[in-house]
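Derivation of every value follows stated rules applied to the coordinates shown; laboratory data play no part. Nothing here was measured: the structure is a model prediction, and the numbers come from that model. We place every Cβ from the backbone using ideal geometry, glycine too, and count neighbours over all the protein chains shown.
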């Protein structure tokens, strides 16, 4: 069981290009097949977290790669949806800026002398679930008012999550500076 969570995360990383390829393919029901990949990625995300916690096999590699796999899948889905015209581009721009800042901050924290990684918090998990629901709706019910409302709610949750991570980052940075001679 020790390597299962990381294997699932790697599998999820491999699903990212498969989603995009299927989404833009000319096969019948291409968006449904892409959605199945997106949902399978969500399932592997749940499973790897569950297994890692249950069997106490949480690793630094998993803590770093798991959110990266999540971010790449979400960003890939949003880019595909924006290109296809199912979603406003400005939503994608906000999410790209948000995620880029979080990735840069995470890399900065990891490569400090005192290695530190910020695990997902409840706001991040809620935002992930809401954005997953929004992606599902954007594929299944594009252009519907309810779908757009869910997208805006998910974006609000993403911004709240960003603020939460930002405050945590500033707090960790302040405490790290106090510990230095």
Which of the following values of Rg/Rh (Cα atoms, Kirkwood Rh) was calculated from the structure shown: (i) 0.97; (ii) 1.00; (iii) 1.11?
-> (ii)
Angle in degrees between helix 60-84 and the longest Cα principal axis of the chain, rounded to the nearest 10 | 30
Taking 7 Å along the Cα-to-C-beta vector as the label spot, tell me the residue 121-residue 14 distance in nanometres, rounded to one decimal.
-> 3.5
When the chain is fully extended, how far beyond the present Cα-Cα distance does residue 28 get from residue 140, taking 0.36 nm per residue of separation?
-> 38.9 nm
Sum -39500 (n - 2.57) across every DSSP H segment of at least 4 residues in the chain, then divide by the residue count to get the 222 nm mean residue ellipticity, nearest 500.
-> -28500 deg cm²/dmol
Distance (nanometres) between label positions extended 7 Å along Cα→Cβ at residue 104 and residue 61 = 2.9
Would you mind ranking 76, 9, 26 so that the residue whose beta carbon has the fewest other beta carbons within 10 Å leads the list?
-> 26, 76, 9
Within 10 Å, count the other beta carbons around each residue, average over each peptide in 156-162, 56-62, 134-140, and list them highest first.
-> 134-140, 156-162, 56-62
Proxy reagent accessibility, fewest Cβ within 10 Å first, across 122, 108 | 122, 108
Using 1/(1 + (r/R0)^6) with R0 = 25 angstrom and r between the beta carbons of residue 89 and residue 7, what's the FRET efficiency to the nearest 0.05?
-> 0.10
Roughly what angle does helix 30-54 make with the longest principal axis of the chain, taking Cα atoms, 0 to 90 degrees, to the nearest 10?
-> 30
For the chain, what is the relative contact order in percent, using Cα pairs closer than 8 Å and at least 6 residues apart in sequence?
-> 21
